[in-house]
Amino acid sequence: MRYVSTRGSAPVLTFEEAMLTGLARDGGLYVPETVPQMPADEIAALAGLSYEDAALRVMRPFLGDSFSDAELTGIIARAYQGFGHAARAPLVQLGPNHFLLELFHGPTLAFKDFAMQLIGQLFQTALARSGQRVTIVGATSGDTGSAAIEAFRGLANVDVFILFPHGRVSDVQRRQMTTPSEANVHALALDGDFDDCQARLKDMFNDFAFRDAVGLAGVNSINWARVLAQVVYYFTSAVSLGAPHRAVSFTVPTGNFGDIFAGYIAQRMGLPIDRLVVATNQNDILHRALASGAYTPTGVTPSISPSMDIQVSSNFERALFDAYGRDGGAVAQLMDALKSGAGFTISQGALEALREVFASGRASEQETSASIAATFKATGEVLCPHSAVGVKVAGDYLGPTPMITLATAHPAKFPDAVEAATGQRPALPPRMADLFERQERVTRVPNDLHALETLIRERTGR
Ligand SMILES: *Cc1c(COP(=O)(O)O)cnc(C)c1O
């Protein structure tokens, strides 16, 4: 199994190389050269398996020779053992033909744990084998950072630096990043928004001297291994509702397009998915792009669903690559236009290809809040604001095909928004109850590439 860049001019890599590299050297994102097919009988055979066994079967073909079956079995077991629910990704029913996939039972209470816990174990296995040391730098709008820290804290061959927008993450999110005491963990509060964090991270990856000196590795949602980990729960949930004999649809609260792109991969592998619905908050560039073809950044407006507050959606590049017939040159041109600030218009052919798979919708702040309140009243289920965006948008697409809406975070991560909507303050699970008593450790940093690189070099001694 080989991986190619969406911009067509970076080296072709193995799974392990693509995972350790993150962003391709031509600025593109790695995707599999061909998507392995899972025939209907193999999909049907996932029924009744544990999450871990299903994960092994779904991911195995993407890994080539990078990890043995025995290694992978151990990696998956260690990745999901810390989850607070035996099913890992349980489904609950919200209404006729509408289901909620609870992806928030991991150690940091957000779906990102599914990918990050796995990637932590994959990195550890690969680095221990080669004796290499890497510096992981991640940018986060809140949940990625804590998930990365939780996955990499204390690992011998890794330093982890997380950039988050100062003052723009929730108290729970910040404390999850600033309270781990391991020396290899560095929480950096950047003076800027999430797009600034993401832009500085990309700049570091494009500074090859720095990249090579510190052994820079990325675990942001552009890392292919993260996308792959997320493919699994599309299979397990669809199978429990009757796939491959019955098609299902998904609605996915979307920011960087990593989670929903995993659904697209599941569909390409052969899982019968009717529709993948992109649900955005008021930062609706993806909804506008799919509606009009114009991908035009307009600046970020902070919302009550902060993990979706983006104006540039990194993984959308992967969908564009396929929509443009895998023409890396064409994708590179679009991304250059984007970098110059103007945005771009998706060609008619590509737009039609995207619309064959993806539908979209948007929830305003008021609609998000109303969605939390209405769902609580009707079902007793307490949604986080991101999941509430999904449930609101899914409402426009309910029908005879079962709809699975992804619940991406635990409500207790966003207690203010939930309390405002329901009148009740959601409690943290017992294993996290002392979060607000723990000591914080954080460094405030300017939105400046040179300053960041200097700090990382000093801290790693490289
Ligand atoms: C990251 C995140 C999202 C958005 O997921 P993408 O893969 O970036 O589209 C949605 N909800 C929550 C809670 C998140 O942490």
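The values are calculated or read from the model by the stated rules, or taken from the named source; none is laboratory data. Since the structure is predicted, the reported quantities are computational estimates derived from the model, not experimental observations. Glycine gets a Cβ as well: all are built from the backbone with ideal geometry, and neighbour counts include every protein chain shown.
Find all pairs meeting these conditions: Cβ atoms under 6 angstrom apart; at least six residues apart or on different chains; first residue within the stretch 288-316 and over 28 Å from Gly349 (Cβ atoms) and within 11 Å of the ligand (Cβ to nearest atom); second residue among the hydrophobic types (A, V, I, L, M, F, W, C) and part of a loop (DSSP other than H, G, I, E, B). Listed pairs, sorted by first residue: Asp309/Val300. For the list (1) away from the ligand (no atom under 14 Å from the Cβ); (2) crowded, with 24+ Cβ neighbours inside 10 Å, I need the number of the one condition that Gly95 fails. Evaluating Gly95 over (1) away from the ligand (no atom under 14 Å from the Cβ); (2) crowded, with 24+ Cβ neighbours inside 10 Å leaves (2) as the failure. Checking each residue in the stretch 230-266 for being of a type in the set (D, E, K, R) and either buried (at least 22 other Cβ atoms within 10 Å of the Cβ) or within 13 Å of the ligand (Cβ to nearest atom) (or both) picks out only Asp259. Among all positions in the stretch 400-419, there is no residue which is away from the ligand (no atom under 16 Å from the Cβ), among the small types (Gly, Ala, Ser) and more than 19 Å from His287 (Cα to Cα).
Here is a check on your reading of the model: is Val227 over 19 Å from the mean Cα position of the chain (by Cα), modelled with pLDDT of 95 or more and closer than 23 Å to Ala319 by Cα? Answer is no for this residue. Evaluate the stretch 180-200: report whether one residue or more is within 16 Å of the ligand (Cβ to nearest atom), surrounded by 23 or more Cβ atoms within 10 Å (Cβ to Cβ) and more than 25 Å from Leu354 (Cβ to Cβ). Scanning the stretch 180-200, I find at least one residue that is within 16 Å of the ligand (Cβ to nearest atom), surrounded by 23 or more Cβ atoms within 10 Å (Cβ to Cβ) and more than 25 Å from Leu354 (Cβ to Cβ), so the answer is yes. Scanning the stretch 290-318 for residues that are out of contact with any helix residue (DSSP H, G or I) (no Cβ under 8 Å at 6 or more places or on another chain) and within 25 Å of Asp336 (Cα to Cα) gives Ala291, Ser292, Gly299, Thr301.
On the stretch given as the stretch 142-185, residues that are more than 17 Å from the chain's Cα centre (by Cα), assigned to a strand (DSSP E or B) and over 22 Å from Leu127 (Cα atoms) total 1.
Checked against the criterion of being surrounded by fewer than 24 Cβ atoms within 10 Å (Cβ to Cβ), hydroxyl-bearing (Ser, Thr, Tyr) and touching a helix residue (DSSP H, G or I) at 6+ places or on another chain (Cβ under 7 Å), the candidates Thr144, Thr108, Thr125 yield just one match: Thr125. Counting only residues that are at pLDDT 95 or above and not in a loop (DSSP other than H, G, I, E, B), how many does the stretch 20-45 have? Result for the stretch 20-45: 9. Among the residues of the stretch 385-434, write down those that are among the charged types (D, E, K, R) and farther than 21 Å from Ala279 by Cα. Selection gives Asp416, Glu419, Arg425, Arg431, Asp434. In the stretch 235-345, counting only helices (runs of 4 or more DSSP H) that sit wholly within it, the ones holding 2 or more residues that are small (Gly, Ala, Ser), modelled with pLDDT of 95 or more and within 19 Å of the chain's Cα centre (by Cα) span 258-269. Restricting attention to the stretch 411-462, the residues being farther than 29 Å from Ala374 by Cβ and not hydrophobic (A, V, I, L, M, F, W, C) number 21. Cβ separations smaller than 7 Å between residues 6+ apart or across chains give the following pairs from the stretch 268-284 residues that are in contact (Cβ under 8 Å) with a residue 24 or more places away in the chain and within 23 Å of Pro36 (Cα to Cα) to residues that are part of a strand (DSSP E or B) and hydroxyl-bearing (Ser, Thr, Tyr): Ile273/Ser249; Asp274/Ser249; Arg275/Ser249. Residue selection: Ala225 fails the criterion of being touching a strand residue (DSSP E or B) at 6+ places or on another chain (Cβ under 7 Å), in contact (Cβ under 8 Å) with a residue 24 or more places away in the chain and either surrounded by fewer than 24 Cβ atoms within 10 Å (Cβ to Cβ) or in a helix (DSSP H, G or I) (or both).
Annotation note: Cβ proximity below 9 Å between a residue of the stretch 412-425 that is on the phi > 0 side of the Ramachandran plot and a residue that is more than 12 Å from the ligand (Cβ to nearest atom) (sequence gap 6+ or interchain) occurs for Gly423/Ala373. Given the options Thr401, Thr375, name the one that is touching a residue at least 40 places away in the same chain (Cβ under 8 Å) and either within 21 Å of Phe111 (Cα to Cα) or in a strand (DSSP E or B) (or both). The unique qualifying residue is Thr375.
Within the stretch 61-72, if we keep just the residues that are surrounded by 15 or more Cβ atoms within 10 Å (Cβ to Cβ) and of a type outside the set (A, V, I, L, M), the residue that is nearest to Gly106 (Cα to Cα) turns out to be Glu71.
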